[in-house]
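This report refers to the structure that appears directly beneath it.
The values are calculated or read from the model by the stated rules, or taken from the named source; none is laboratory data. The model shown is predicted, which means the values in this text are computed figures rather than measured ones. Counting neighbours? That spans all protein chains shown, and the Cβs are built from the backbone with ideal geometry, glycine included. All accessible areas refer to the heavy atoms of the entire protein, side chains included, with ligands and DNA or RNA removed. Shrake-Rupley method; radii C 1.70, N 1.55, O 1.52, S 1.80 Å.
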Amino acid sequence: MIDRCNLIKDILPLYAEDMASTDTREFVSEHLEHCAECRAEFERMQKAAKFIPDAVHDADIVPLKRVKRDLFIKRLQTICFTAILACAIVTIIFGILTSPEFFPYSDNLLNVIDVPDGGVIITFDREVTGYSCNQVFDNETETAIYRINAWTTTWDLRLSDRGKQNMVMPFDHETEIQIFYAQNDGSEDVLIYGANQNTEENGVTLPRLILMPYFLLAFLALVVLVILRLLLRNKQTAVAWIDRAIPFPISYMAAQLCTKGFNFTTYSSQRDFCIIILVAMLLYFAMLTGKSLYKAKLNTSRG
Ligand SMILES: [Zn+2]
């Protein structure tokens, strides 16, 4: 019995602080019911906690409080890490599913209807679930040039029915208007409204390569940061800052590769860039929480 009592007395502080696991708690409670000596020790411990002056009392339980707090923080970090990672994955999948697939021009893709009061209405084929329009004003010919495109997405095809898309373009009849359909596949834009004054070419809407310089910039930043870290490895504050900065370019590059792979061309640069930045931010915080979790794990396994 003596051995068991010693064991119980070792655990009693944890038990009194309500920090023992359920099994341990049951084991201790059961023992306390039968063993007067340990029960007395437990009661003494509780009384002592009540009557010891606050200062001493606080000093006594600070380590326990710290352990408790560390456990809480660790649990919180695990939850955050999982939640952030899940958000990142959802955003990546959402980005891929909603990336626009542009329609090449065909006769039944769209209809242009003149509005007597001014302007046109463009009605699209049922397959079309989205469109966008860019307007530039050509000062030389004093013509407003619109370039529109139409697309659908995997998401829209499978999961949502947006109904027939119509586009209303109001304008007065004093300005010359040209409306082109941009095919967004490298082939020539098609004139769908207005007269072509330059008669030569309709022009080709080219994809933007904007994602490439950003990716290279991130790569360059990473190289610079790694070199700085090697050079300043003896300066602790500098290293701490660099370690916080290094995940930035890494997450940006990872976000690009997760959402678009090695495809750096885009016809919807704003959309793509927003998604990449969002995923990059999520990956950055996932990396930070993951890192501190990993560190905490190393610490506990070291004892
Ligand atoms: Zn006992």
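Each label point was placed 7 Å from the Cα along the Cα-to-Cβ direction; for ILE89 and MET212 their separation is 3.4 nm. Once label points are set 7 Å from the Cα along Cα→Cβ at both ILE277 and ALA195, what is their separation, rounded to one decimal in nm? The answer from the label model is 4.4 nm. Under a 5 Å amide H cut-off, with hydrogens placed 1.01 Å from N, ILE210 pairs with THR266 among residues at least 5 apart or on other chains.
Amide H to amide H, with H built 1.01 Å from N, GLY119 comes under 5 Å of PHE171, counting only residues 5 or more places away or on other chains.
DSSP H helices in the chain with Cα extent of 15 Å or more along the helix axis and mean Kyte-Doolittle hydropathy at least 0.0? Span-like helices, by this rule, are 2-16, 54-97, 211-231, 247-260, 269-302. Cysteines in the chain that lack a partner Cβ within the 4.7 Å cut-off: CYS5, CYS80, CYS87, CYS133, CYS258, CYS274. Indicate the gyration tensor shape class of the chain (rounded, prolate or oblate), computed on the Cα atoms with a ≥ b ≥ c the square roots of the eigenvalues: a/c under 1.5 is rounded; otherwise a/b larger than b/c is prolate and the rest oblate. Since a/c reaches 1.5 and a/b is larger than b/c, the shape of the chain is classed as prolate.
Counting only protein heavy atoms, what percent of the accessible surface of the stretch 2-51 is carbon or sulfur at a 1.4 Å probe? About 49 percent, which is the carbon plus sulfur part of the accessible surface.
Counting only DSSP beta bridges whose two residues both lie in the chain, roughly 80 percent are antiparallel. Taking a ≥ b ≥ c as the square roots of the eigenvalues of the Cα gyration tensor, the stretch 2-51 is oblate, since a/c reaches 1.5 or more and a/b is not larger than b/c. Can you classify the stretch 108-207 as rounded, prolate or oblate using the Cα gyration tensor, where a ≥ b ≥ c are the square roots of its eigenvalues, rounded means a/c under 1.5, and otherwise it's prolate if a/b beats b/c and oblate if not? In terms of gyration-tensor shape, oblate. Between the C-alpha center of the stretch 214-280 and that of the stretch 82-148 there is a gap of 31 Å.
Taking all protein chains as present, what is the carbon and sulfur share of the accessible area of the stretch 175-234, in % to the nearest whole number, probe 1.4 Å? After summing per-atom areas, the C and S share lands at 64 percent. Averaged over its residues, the chain has an accessible area of 65 Å² per residue, based on protein heavy atoms and a 1.4 Å probe.
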